[in-house]
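A short write-up of the structure that comes next.
Laboratory data are not the source of any read-out in this text; all were calculated from the coordinates shown. Being a predicted model, the structure only gives us computed values, none of them experimental. FYI the Cβ positions are ideal-geometry reconstructions off the backbone, even for glycines, and counts take in every protein chain you see.
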Amino acid sequence: MSAVQKVARRTLYTSMRQFARSFEAHPQPISMTGSQPGDWGRIVRTRGQNLVLYSGFMSAVLFWPAAARWMLDGRV
């Protein structure tokens, strides 16, 4: 094996190792200062906004054939 192939293999191995290490937990320990209370108002508000947007979008996606049939009334 030539020196170029060894270097190429080493750099590939190094990059693959760094990529795998990016999925590991953070090396610094979590501080034990106490648990934080949940921000329930923010959580409920964002879930409600997501529900409104998702349900509106999905109803438009699923209802457009019926709306087109009703609007065109068989004139096509």
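Structure notes:
- Table column - 3J(HN,Hα) (Hz), the stretch 60-66, Karplus curve with 6.51, -1.76, 1.60, x for Gly and Pro: 5, 5, 7, 9, 4, x, 5
- Estimated distance in nm for a label pair at L72 and S15, the labels positioned 7 Å out from Cα along Cα-to-Cβ: 5.1 nm
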